[in-house]
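The values are calculated or read from the model by the stated rules, or taken from the named source; none is laboratory data. This structure is a prediction, so every number in the text was calculated from the model and none was measured. Here the Cβ positions follow ideal geometry from the backbone for every residue, glycine too, while neighbour counts run over all protein chains shown.
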Amino acid sequence: MADIFSLAGSHVLVTGASSGLGKHFATRVAQAGATVTLAARREQALAASVKEIGEAGGKASAVLMDVSDSASVERALDEAEKQFGPVSVLINNAGVTETRPALEVDESGWDQVININLKGAWLAAQRTARRMVHHKMGGSIVNIASILGLRVAGGLAAYAVSKAGLIQMTKVLALEWARHGIRVNAIAPGYIETELNSAFFASPAGQALVKRIPQRRLGHPHELDGTLLLLASAASSFMTGSVIAVDGGHLVSGL
């Protein structure tokens with residue numbers, strides 16, 4: 001029986017792929033048979049990730065991309081197409097956060113989060129979708145949202161607003177682009193442990209947060225793999241506009 005989650009023959013572009021979840025996603029789709037383009041702003045980190053994927057038997061390349069700059073997005077897509085042909089799957093992962101009380105968030109901090117998390121996801125999705133339509137090929141866009149787009153926490157105003165916007169954007173684009181054979185879905189991860197947040201979750205404040213998760217633990221990057229491969233592959237061919245939470249039950253925890 002064929003593997004319905006296979007990405008063989010797909011060209012997957014992952015934004016924010018130089019580290020963290022983006023790097024993990026790029027590695028995982030390569031293992032599933034995809035040809036992968038890793039996109040981010042850090043050239044050396046991208047090169048190291050591409051080398052690791054290649055040494056493991058995958059096929060990958062890197063492009064520099066600032067998702068908040070439309071010209072940069074277009075240049076990166078041009079390079080990706082030149083290397084591997086049109087992109088058939090976009091994993092919209094690039095994102096930043098700022099932890100500060102709402103009364104203390106300044107304009108530049110707000111703009112940075114919104115420009116990357118929301119405007120950047122919009123630009124990457126729109127520019128990629130235009131090319132999918134041009135090539136008459138359809139495709140899949142997977143937006144990496146957050147449970148904070150569905151629920152709130154203190155000190156993360158700009159981040160929560162950006163992810164709520166991304167979830168609504170997912171549904172709007174799914175509606176408009178279904179006629180072109182382009183599916184748009186989102187993953188809303190809960191708290192996933194990475195090298196970027198491990199120190200916080202080892203602290204008393206971090207441990208207190210973990211105790212509020214029904215499963216009483218953090219998630220691990222590999223626990224997003226099933227949902228990622230579902231939405232990226234033909235296994236979800238009749239799914240669009242869906243938002244799947246992977247959060248250890250956090251969204252259903254009691255008040």
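Would you pick out the residues in the range 170-216 that are outside any loop (DSSP other than H, G, I, E, B), under 22 Å from residue 137 (Cβ atoms) and touching a residue at least 24 places away in the same chain (Cβ under 8 Å)?
If the condition is that a residue be outside any loop (DSSP other than H, G, I, E, B), under 22 Å from residue 137 (Cβ atoms) and touching a residue at least 24 places away in the same chain (Cβ under 8 Å), then 170, 173, 174, 175, 177, 178, 180, 182, 183, 184, 185, 186 are the ones that fit.
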Members of the range 125-152 found to be in contact (Cβ under 8 Å) with a residue 60 or more places away in the chain, outside any strand (DSSP E or B) and of a type in the set (S, T, N, Q), listed by number = 128
Answer residue from the range 78-124, given it is part of a strand (DSSP E or B) and not hydrophobic (A, V, I, L, M, F, W, C) and is nearest to the chain's Cα centre (by Cα) among those | 92
Every residue from the range 86-99 that is of a type outside the set (A, V, I, L, M) and either at pLDDT 95 or above or crowded, with 20+ Cβ neighbours inside 10 Å (or both) = 86, 88, 92, 93, 95, 97
For the range 223-252, pairs from a residue that is of a type in the set (Gly, Ala, Ser) to a residue that is in a helix (DSSP H, G or I), with Cβ under 7 Å and 6 or more apart or across chains, are 232/29; 236/230; 241/170; 241/171; 241/174; 241/175; 245/147; 245/251
Single condition residue 253 does not satisfy, out of (1) closer than 18 Å to residue 149 by Cα; (2) surrounded by 15 or more Cβ atoms within 10 Å (Cβ to Cβ); (3) of a type in the set (Gly, Ala, Ser) = (2)
Return yes when residue 74 is charged (D, E, K, R), within 25 Å of residue 115 (Cβ to Cβ) and in contact (Cβ under 8 Å) with a residue 40 or more places away in the chain and no when it is not.
-> yes
For the subset of the range 201-229 comprising residues that are of a type in the set (A, V, I, L, M, F, W, C) and under 14 Å from the mean Cα position of the chain (by Cα), which member is farthest from residue 183 (Cα to Cα)?
-> 224
